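Values quoted throughout were computed directly from the atomic coordinates according to the rules given, and no laboratory measurement underlies them. The structure displayed is predicted, hence computed values, not measured ones. All Cβ positions, even for glycine, are placed from backbone atoms using ideal geometry, and neighbour counts span all protein chains on display.
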Amino acid sequence: MLMTKAQKESNAVVAIAAREITKGIKNPVLMIVSIVFPIIFIGIFGGSLSQNMAGNLGYNYLQFMMIGMIVNSVFTGLITGMSSLIEERNQNLTQELYVSPISRYSIILGKMIGSSFTSIVGLIGILIVALLMQIPLGGMHIVWLFLITPLFCLIGGSLGIFFIGFVQDSKTADIGSMLLVMPQMFLSGAMIPIQHSTGILGFLAHIMPMTYCIDLARVVFYSGTPVYSQVVLYNPVTDLLVMAGFFLVFTIVGTLMFTRSERNR
């Protein structure tokens, strides 16, 4: 009986994930935007910052930013993907899922895995910029970084779940998801070094989930290099423990709140 239940849950996760991937494939505009977005930020914004402020950093600024944008791209895609549950709920597109005899966590996990597809495709844009701008990819270091990208998908997705647990309106969700992503982009070290951030800016940087994901990404990418101590903030164990804490709290609380709002409709 337990195996049968486990198989049902696994099948549900796969079916929901496949549904999300199919939606992404049938929506080429979304795929194109996910590729163009990092091209604009790294190619234009990053190029300008590199030319005007990166001379005394002691490391390749564009490479530093590329790593941050890899994590940011994943976060943006997952939060946007999870926020789409609000619109689907308002249009009664997910009602059949919530009346089916499967765990709410299976529904959320399937949605998260499916939403990861578009985010990972968006990494193509970052690689294109890196090649065009001759940003060093670090050999096998970039491979190891891509291999741990699913961890960032989990954290970004859990933050999206937490967010939609407290939002009822799709328009509010659209605006709120951007307000959730943009401050993290600028304050978590994705684009601007935060080693010397203090006061309110330092406090905000330390409570943002993306900060620890980006730091772990740089741990992996810069491991064994001379600039490791200049770009890494924390011990990797600290990063992993904080990320695990965020994931558990966001997923459990967000799923409970979202399910409750479903029952109250």
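Tabulated data for the structure shown
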{"item": "FRET efficiency for residue 206 and residue 237, using Cβ-Cβ distance with R0 set to 25 Å, rounded to 0.05", "result": "0.90"}
{"item": "Contour excess over end-to-end distance, with Cα ends at residue 57 and residue 7 and 0.36 nm allotted per residue", "result": "12.7 nm"}
{"item": "Gain in span if fully extended, residue 36 to residue 21, counting 0.36 nm per residue against the direct Cα distance", "result": "3.5 nm"}
{"item": "For region 157-245, the spread of Cα positions along each principal axis, largest first, Å", "result": "49, 25, 19"}
{"item": "Debye log10 I(q)/I(0) for region 204-265, one point scatterer per Cα, at q = 0.12, 0.21, 0.28 Å⁻¹", "result": "-0.42, -0.81, -1.10"}
